[in-house]
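Notes follow once the structure below has been shown.
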Amino acid sequence: MQLAVKAGTLYFALVFAAGFILGTIRTLWVVPRLGTRWAEVLEAPFMVLISFLAAHWVVRRLSLPPVPRLQLSVGLVGLICMLLAEFTLAVWIRGLALRDYWSQRDPLATGVYFVALALFALMPVFIRNQAQ
């Protein structure tokens, strides 16, 4: 379990840092040109690619054994950290309650966001299965 927490936290940190940079670019340059919906939809494939690269690096760097339960645990730890960070920042930076945050989101962008989060959570499993 300790390995899952360590790997999941590292995985989260790598993806969150990249997402923070992409989110800044999205907010400052893409949203004014394309709107929030399309900026978020266009950002998602980049975040999935970053998730793939980060999961690949973490799995290799920490030499995670090919145990599906461990791999899924890494993804779930990363997902929990990601959700906590995103919701904390949404509430703190925007000054919104979570209910208001969700009610203001675009349905299409939210659907894409959920798919990207699911792929983020499962990516360590995909990486390890690919390597076997």
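Of the numbered conditions (1) more than 18 Å from the chain's Cα centre (by Cα); (2) closer than 16 Å to Gly8 by Cβ, Pro32 satisfies every one except a single condition; which is it?
Unmet condition: (2).
Enumerate the pairs (first residue in the range 55-67 and aromatic (Phe, Trp, Tyr); second residue anywhere and surrounded by 12 or more Cβ atoms within 10 Å (Cβ to Cβ)) with beta-carbon separation below 9 Å, excluding pairs fewer than 6 apart on the same chain, so at least 6 apart or on different chains.
Trp57/Leu10; Trp57/Tyr11; Trp57/Leu14
In this structure, does Arg26 turn out to be assigned to a helix (DSSP H, G or I), at pLDDT 95 or above and over 17 Å from the mean Cα position of the chain (by Cα)? Reasoning before the result, please.
Working: assigned to a helix (DSSP H, G or I): yes; at pLDDT 95 or above: yes; over 17 Å from the mean Cα position of the chain (by Cα): no.
For Arg26, the condition - assigned to a helix (DSSP H, G or I), at pLDDT 95 or above and over 17 Å from the mean Cα position of the chain (by Cα) - is not met.
Which pairs turn up if I take residues in the range 7-23 that are touching a residue at least 12 places away in the same chain (Cβ under 8 Å) and look for partners that are outside any helix (DSSP H, G or I) and not hydroxyl-bearing (Ser, Thr, Tyr) with beta carbon separation below 9 Å, at least 6 apart in sequence or on another chain?
Ala7/Leu62; Ala7/Leu64; Leu10/Leu62
Kindly indicate which of Arg94, Arg37 is among the charged types (D, E, K, R), farther than 29 Å from Ala7 by Cβ and touching a residue at least 12 places away in the same chain (Cβ under 8 Å).
Values: Arg94 fails: touching a residue at least 12 places away in the same chain (Cβ under 8 Å).
Of the residues listed, the single one that is among the charged types (D, E, K, R), farther than 29 Å from Ala7 by Cβ and touching a residue at least 12 places away in the same chain (Cβ under 8 Å) is Arg37.
Could you check how many residues of the range 66-75 are modelled with pLDDT of 90 or more and touching a helix residue (DSSP H, G or I) at 6+ places or on another chain (Cβ under 6 Å)?
Start the filter on the range 66-75 by keeping residues that are modelled with pLDDT of 90 or more, which leaves 67-75.
After this cut, where a residue has to be touching a helix residue (DSSP H, G or I) at 6+ places or on another chain (Cβ under 6 Å) as well, the list is 70-75.
Going through the range 66-75 one residue at a time, the tally reaches 6.
Filter the range 10-30 down to the residues that are among the β-branched types (Val, Ile, Thr) and surrounded by 16 or more Cβ atoms within 10 Å (Cβ to Cβ) and list them by number. Break it down stepwise before answering.
Keep residues of the range 10-30 that are among the β-branched types (Val, Ile, Thr), which gives 15, 21, 24-25, 27, 30.
Once the filter is applied, which keeps residues that are among the β-branched types (Val, Ile, Thr) and surrounded by 16 or more Cβ atoms within 10 Å (Cβ to Cβ), the range 10-30 yields Val15, Val30.
The values are calculated or read from the model by the stated rules, or taken from the named source; none is laboratory data. Bear in mind that the values here come from a model prediction, so they are computed numbers and not experimental data. Cβ atoms come from the backbone with ideal geometry, glycine included; neighbour counts cover every protein chain shown.
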